Amino acid sequence: MPYDPNNSAKDFAGRIVRQWGLRAGVALVALVTIRSSMFNIDQTELGFVRRFGTVVGDTTKPLEPGLHFKIPFVETADKIPVTLKTLHVPEFKVLTIDNQEITVEENFNYTIPKKNVYHLMYEVGGSGNVDITDQVVPVVKDRTSRVLAAQNMITVNANREAIQAQIEKNIVSSTETLFGIEAHSLQIAKLDPSPAFKASIDSATQAKNDAVKAENVLRTKQFEAQQTAAIAKGNADAAIEAARGQAESVMLNAKAQADATVLTATANKTSLELQGKGEEARLAAEISAFGGNPDKYNEYLRAKASLNWRGDVPSVETGSGGGPNLVLPLPAAAGRR
């Protein structure tokens, strides 16, 4: 067969391609092998290595964060988060002791202790990198339902803090015993009664408000009536006091006038008596000058009157001294002897 330089070139190129392909395949296999032999555990995780399904090493000492190695295609690395985790429990419904439906929603906070990593990864649920949510959520719902089932719906809101504390206590105890997790807190995000119960409460509240309003209106009317009665009584008392004051004023004025009349009469009487006593004393004094003989005093008066007479007709005065005197003219004497 004659020599063909073109075929020789093609064979050489094919050999080169096959060689480089083989080298590339070996390099790729080596790279994959190297990459599959290394794994990293984050700061928030702990883990173990399994070989054909069996954990390698001490089960009480999980692998710490950092770079680790395993046998490719033979060993498997499992990791689990151990920092604080919040488990959200979606809405679910429970019945109270009085058959009232409540919608509950919760958030449960927990961490995984280092000593229980093996238990949670290989003895709870599925093996390896599994989430324990599917195991914890039913327990949380069950313990919550048990506590609320013993409550009366009317007192749920009033006892909410005590109810939450009891639910948290029961959940913490159960989850730590069953799963070995370390519970931290439980928050009840929702605790709502049924729409029918809310409607009945609203109706009862409205009825109570209406009763309170009616009572307030009644009290207002009673107060207004009492106020009106008090004003009327005050006006009546004022009128009575005014009439009494006027009557007493009239009586006092009458008494004052009567007393004034009595005092005037008494004064006049006393004055007349004093005048009479004065005249009597004066006459007694004048008579005493004549030795106490009234006849001599009368002669004295006649003699004195004769000395004062100027020939006029004498007059006679009569009266008691308490009023105007009556003067009567006397006829002239025919002659004196």
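For this structure, a couple of remarks:
- From the options Ala77, Ala27, Ala9, residue that is at pLDDT 90 or above, among the aliphatic types (A, V, I, L, M) and not in a loop (DSSP other than H, G, I, E, B): Ala77
- So Leu274, is it touching a strand residue (DSSP E or B) at 6+ places or on another chain (Cβ under 7 Å) and either modelled with pLDDT under 75 or not polar (S, T, N, Q) (or both): no
- Looking at region 103-169, the helices (runs of 4 or more DSSP H) lying wholly inside it that each contain 1 or more residues that are surrounded by 14 or more Cβ atoms within 10 Å (Cβ to Cβ) and modelled with pLDDT of 90 or more sit at 117-122, 133-148.
- Scanning region 56-96 for residues that are under 22 Å from Thr111 (Cβ atoms) and of a type in the set (A, V, I, L, M) returns Leu63, Ala77, Ile80, Val82, Leu84, Leu87, Val89.
- Single residue of region 171-206 satisfying the filter (of a type in the set (D, E, K, R) and part of a helix (DSSP H, G or I)) that is farthest from Val124 (Cα to Cα): Asp202
- The residue pairs whose first member lies in region 132-158 and is in the same structural domain as Thr96 (by TED's automatic domain parsing), whose second member is among the acidic types (Asp, Glu) and surrounded by 14 or more Cβ atoms within 10 Å (Cβ to Cβ), and whose beta carbons are closer than 7 Å, counting only pairs six or more residues apart or on different chains, are Val140/Glu106; Thr144/Glu106.
The values are calculated or read from the model by the stated rules, or taken from the named source; none is laboratory data. Here the structure is a predicted model, which is why all the values come from computation and not from measurement. So basically every Cβ, Gly included, is an ideal-geometry build from the backbone, and we count neighbours across all protein chains shown.
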